[in-house]
1. For Pro23, state whether it is at pLDDT below 90, farther than 28 Å from Trp193 by Cβ and either over 13 Å from the mean Cα position of the chain (by Cα) or among the small types (Gly, Ala, Ser) (or both).
2. Does Ala171 meet the test of being over 16 Å from Val58 (Cα atoms), in contact with a Phe, Trp or Tyr (Cβ under 7 Å, 6 or more places away or on another chain), aliphatic (A, V, I, L, M) and not assigned by TED's automatic domain parsing to the domain that holds Ala53?
Amino acid sequence: MEIPRISGTTTNDRGRTQRRPLPSTRLSEADIKAALLTELRRRGSISAKTVVANEFRVGKTSVRADLALLGDRLTAVEIKSDADTLKRLERQVAAYSLYFDELILVLARRHLARVSPDLLAKAQVWIVELDGTLSQSSVPGDESLRSRPLADLLTKKESRRYLGTEAGDAADHYDAFVAAFRRRFGPTSEVFWRSVSRRRVKAEDLHALSRYRDQRLAFQKSEQRRVEQWSQWEVAAAALEAA
């Protein structure tokens with residue numbers, strides 16, 4: 001993914017003005033998410049059958065995964081761009097290790113030397129360059145990180161729906177979570193994958209993953225109609241006064 005550069009000018013030792021490149025515009029988190037989803041799909045790691053959740057809250061913790069991907073495994077994605085700090089990373093990785101099978105950690109290159117080897121060992125590490133280029137740096141073993149039952153991630157309503165009054169075993173918890181996750185995020189994922197079926201994912205495509213997108217758009221249209229009606233009323237009132 002290419003980031004536009006802004007050209008500037010400078011004066012050389014002969015006193016002539018020449019164009020020079022200024023620093024690239026910083027990548028946004030949405031840019032990096034879009035680039036990662038495009039690359040994972042290209043590699044076959046995810047597909048249109050993968051259920052994608054944007055900003056997924058991890059149970060009762062205050063941690064939100066930048067992306068949660070449900071395919072054959074449950075994957076958390078954490079992004080630390082050039083604009084981010086690493087203050088919360090240890091706590092975030094600890095939360096992901098409770099419930100996710102694997103973690104994809106996307107780091108700006110400047111962060112790599114600052115992350116402890118113990119944290120890096122738990123993740124599939126990707127490096128994002130300033131120009132948006134992504135490269136995979138390391139791959140952990142196949143063993144799942146998960147140490148807590150996925151039932152912890154269910155709402156009370158989902159627990160009643162998919163588990164009933166029985167506590168169930170780990171397999172029951174997994175099946176219940178998969179069903180609940182697909183119910184929650186499946187519809188928006190289908191819309192998202194249809195919209196990017198023949199092209200690269202763009203940052204703005206991530207809006208389709210919002211569960212409340214339709215309600216928000218309906219509200220915006222309603223507000224627009226209200227403003228238009230008010231404007232028409234003002235015009236009509238002004239015309240009556242002038243008559």
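The values are calculated or read from the model by the stated rules, or taken from the named source; none is laboratory data. The shown structure was predicted, so the numbers you read here are calculated from the model rather than taken from an experiment. FYI the Cβ positions are ideal-geometry reconstructions off the backbone, even for glycines, and counts take in every protein chain you see.
1. Yes, satisfied.
2. The answer is no for Ala171.
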